[in-house]
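Visitor: Could you have a look at this structure, given as structure tokens, before my questions?
The values are calculated or read from the model by the stated rules, or taken from the named source; none is laboratory data. Keep in mind that this is a model prediction, so the values were computed, not measured. Every residue, glycine as well, gets a Cβ built from its backbone with ideal geometry; the counts of neighbours run over all protein chains shown. Heavy atoms of the whole protein, side chains included, go into the accessibility calculation; ligands, DNA and RNA do not. Shrake-Rupley method; radii C 1.70, N 1.55, O 1.52, S 1.80 Å.
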Amino acid sequence: LYGELVLLERLLGAGVTDAVTTWVGPDRQAHDFRRGNDEFEVKTTGGQLRVHRINGQGQLSPSVGCRLFIVSMQTGDAGSGGRTLAEVADDVRTAVGSAHRQSFEARLQASGYVERHRAHYGRRRRLRSEITLIPVEDGVPRLVPEALSALSARFAPERIGKVVYDIDVTGLGYVDGSPEFLAVIPPVQDPSA
């Protein structure tokens, strides 16, 4: 949830006026965000490498007619710095404004966030590296139905059910601020402009 809120905050900072409605993960959609024909699966790790847990064969399968991206974030404990989950939620709440507040609150609650438990969300984190956008294409590790169906019949791939696995995407993709990243997610707007 921390990473999803950070991406939502990033989109709001870029002036994406419908940012809250692009956050579709809480609506039990296949991916965390959908903006036009672009889908985003947010993955956050506290590890030294960009190793992320993937839940299911469909998590890295784009919807028909869509492009799928992994939004990879690395966080670290921040001691007295950084922000707690509750503080990130507060910052996004402020950035959302009144027009989309009710929709944001409903999505936040559907994500499992409970405001009265904010004292339990005390871990302070900060980004350890730039947010990285990884197009899900050839060369990106993933177990999708197409990959499993390519297995020999002797492995009975049709009997494989729920799949949970880790992928290492260290060194893949484009960091925030690069032309490739900004072609998909607009740059943060200068508030003084």
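Visitor: Any chance you could give the angle, 0 to 90 degrees and rounded to 10, that helix 85-96 forms with the longest Cα principal axis of the chain?
Guide: Roughly 70 degrees, rounded to the nearest 10.
Visitor: Scaled to the compact-protein estimate 2.2 N^0.38 Å, what is the alpha-carbon radius of gyration of the stretch 47-128, rounded to two decimal places? If you can, show how the numbers build up before the last one.
Guide: Numbers: Rg = 15.7 Å, N = 82, 2.2 N^0.38 = 11.7 Å.
Expressed relative to 2.2 N^0.38 Å, the Cα Rg reads 1.34.
Visitor: Please give the charge dipole size of the stretch 1-81, origin at the Cα centre, charges +1 on K and R Cβ atoms and -1 on D and E Cβ atoms. Round to the nearest 20 debye.
Guide: On the way: 8 positive and 9 negative charges, 42 e Å.
Rounded to the nearest 20 debye, it is 200 debye.
Visitor: Going by alpha carbons, how many degrees (0 to 90, nearest 10) lie between the helix axis of 101-110 and the longest principal axis of the chain?
Guide: Helix 101-110 sits at roughly 40 degrees to that axis.
Visitor: For helix 2-13, what angle does its Cα long axis make with the longest principal axis of the chain, in degrees from 0 to 90 and rounded to 10?
Guide: 60 degrees
Visitor: Mind checking the per residue accessible area of the stretch 54-109 for me, 1.4 Å probe, whole number of Å²? Provide the component values of the computation, followed by the final result.
Guide: Details: 2490 Å² over 56 residues.
Per residue, the stretch 54-109 has 44 Å² of solvent-accessible surface.
Visitor: I would also like to ask the following. With the dipole of the stretch 135-193 worked out from charges on the C-beta (+1 for Lys and Arg, -1 for Asp and Glu) around the Cα centre, which of F155, G171, P135 lies farthest toward the positive end?
Guide: With unit charges placed on the Cβ atoms, the residue in question is F155.
Visitor: Based on alpha-carbon centroids, what's the gap between the stretch 1-63 and the stretch 81-160 in Å, whole number please?
Guide: Comparing the Cα centres of the stretch 1-63 and the stretch 81-160, I get a distance of 5 Å.
Visitor: Assuming 1.306 mPa s and 10 °C, estimate D for the chain with Stokes-Einstein, Rh taken as the Kirkwood radius over Cα pairs, in µm²/s.
Guide: Details: Rh = 17.8 Å.
Estimated diffusion coefficient is 89 µm²/s.
Visitor: At a 1.4 Å probe radius, carbon and sulfur cover how many percent of the accessible area of the chain? Show your work: numbers first, answer last.
Guide: Details: 5130 of 10360 Å².
Looking at the chain in its full context, I get 49 percent from C and S.
Visitor: Something else: Let me spell out the model: positive unit charges on the Cβ of Lys and Arg, negative unit charges on the Cβ of Asp and Glu, origin at the Cα centre of the chain. What dipole size does that give, in debye rounded to 20? Walk me through the numbers on the way to the answer.
Guide: Details: 23 positive and 24 negative charges, 133 e Å.
Approximately 640 debye in magnitude.
Visitor: Arrange the peptides 56-65, 154-163 so that the one whose residues have, on average, the most other Cβ atoms within 10 Å appears first. Walk me through the numbers before you get to the answer.
Guide: Working: 56-65: 15.8, 154-163: 9.8.
The most tightly packed comes first, giving 56-65, 154-163.
Visitor: For the stretch 127-185, with every protein chain kept in place, what is the accessible area per residue (1.4 Å probe, Å²)? The partial results should precede the final answer.
Guide: Details: 3670 Å² over 59 residues.
With all protein chains present, the stretch 127-185 gives 62 Å² per residue.
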